[in-house]
1. Please check: in the Gaussian network model of the chain (C-alpha springs, under 10 Å), which one of L41, L176, L233 has the largest mean-square fluctuation.
2. Expressed as a whole percent, how much of the Cα-Cα distance distribution for the range 1-129 exceeds 22 Å?
3. What is the sum of charges around T231, taking Lys and Arg as +1, Asp and Glu as -1, for the other residues whose C-beta is under 14 Å from the C-beta of T231?
4. Once you charge only the Cβ atoms, +1 for Lys and Arg and -1 for Asp and Glu, what is the size of the charge dipole of the range 1-160 about its Cα centre, to the nearest 20 debye?
5. Can you give the helix-only mean residue ellipticity at 222 nm for the chain, where every DSSP H stretch with n ≥ 4 adds -39500 (n - 2.57) and the sum goes over all residues, rounded to the nearest 500 deg cm²/dmol?
6. Describe numerically, in nm with one decimal, the distance between label points set 7 Å from Cα along Cα→Cβ at E245 and at K93.
7. Given a 1.4 Å probe and every protein chain left where it sits, what share in percent of the accessible area of the range 194-282 is carbon and sulfur?
8. Can you compute the charge dipole magnitude of the chain about its Cα centre, using +1 on each Lys and Arg Cβ and -1 on each Asp and Glu Cβ, nothing else charged? Give it in debye, rounded to the nearest 20.
Amino acid sequence: MTENSPTHLSQKEHWNGRAGQVWVETQDILDRLFKPFEDHLCEIVQTTNARNILDIGCGTGSTTHATAHVLEDRNGRCTGIDISGPMIEAAQKRTYAGKSRPHFINADAQSHPFRANSFDMLISRFGVMFFSNYVEAMSNLHRAATGNARLAFIAWRSPEANPFMTTAEKAAAPFLPQMPKREPGAPGQFAFAGQYRVADILKSSGWTNIDIQPIDVSCALTESDLMTYITHLGPLGLLLPGMTEEERSPALQSVRAAFDPFMDGTTARFTAACWMIQAQAS
Ligand SMILES: C[S@@+](CC[C@H](N)C(=O)[O-])C[C@H]1O[C@@H](n2cnc3c(N)ncnc32)[C@H](O)[C@@H]1O
């Protein structure tokens, strides 16, 4: 995925640049791919009485909208916050069939001056692994939470447990010596792979009753969506525009061939190895 920023870019520059644009361009594919995670979060929301929910790193807003629908009957409201201008713009443009249309904020969740004690639940689908200071971010979110608020978010387990997610970069590496290496623990897709580290971050930020459970989710992509994934969202997605045609073609062939073990007819199938992380404000 285009979730590890080239090292010279800040996360703000990364998500407001090409990474944000490709998430907007491939919004439909990503929404289909990640729908099972959204369903998981909505099921948890359904078990609570929460009425004022914050979706952290909401991106183009699919989960924010789905949560707002769950809250319709309770007269509740869901707010999405994201650092990416293009992604928030896409979130705002979504049509919403209901009366409690979600509200969106384009800001850094790590430092945004939220009103204290304002959200009774905070959720995120893959949107909390990119902060420059995790304890500062989680403490800021804790201040925004009411005393009885719940936190529920999904993050990736290790790259080793998620071979589909590293196939493109491994296959592309010989063609792209300039590709940034993943640094364990650095802001990015796998920053929360270590559950003890996540527990420490949450504990240090004031969260209690921390519960971290593995979830394994079956995901599928059609052949044509896989090609879009490879050419837009993989590491090739960031670097393709700078490659010549002679460089591009063999790299693409090699990367596509590396996905053969995941193909089931014309569908790519894989298991996403993630954590469901829950906590309480007090
Ligand atoms: C992997 S995407 C997930 C997007 C969305 N939650 C989804 O599931 O489609 C990560 C999101 O986190 C956002 N993000 C990164 N750092 C952030 C920060 N400091 N504050 C708010 N959002 C941030 C990015 O802009 C991006 O939209």
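The values are calculated or read from the model by the stated rules, or taken from the named source; none is laboratory data. Worth saying up front: this structure is predicted, and the values here are computed from it rather than measured. As a convention, Cβ positions derive from the backbone with ideal geometry for all residues, glycine included, and neighbour counts pool all protein chains shown. Keep in mind that these areas ignore ligands, DNA and RNA; they rest on the heavy atoms of the full protein, side chains included. Shrake-Rupley method; radii C 1.70, N 1.55, O 1.52, S 1.80 Å.
1. Its mean-square fluctuation being the largest, the pick is L176.
2. Values: 2643 of 8256 pairs.
The proportion of pairs with Cα distances above 22 Å equals 32 percent.
3. Details: positive: R18, R248, R256; negative: E25, E169, E223, D225, E245, E247.
Once all neighbours under 14 Å are counted, the net charge is -3.
4. Working: 16 positive and 17 negative charges, 88 e Å.
Approximately 420 debye in magnitude.
5. On the way: 12 runs with 108 residues, N = 282.
-11000 deg cm²/dmol, from helical runs alone.
6. My value for the distance between the label points is 3.1 nm.
7. On the way: 2140 of 4190 Å².
About 51 percent, which is the carbon plus sulfur part of the accessible surface.
8. Values: 24 positive and 29 negative charges, 159 e Å.
That gives the chain a dipole magnitude of about 760 debye.
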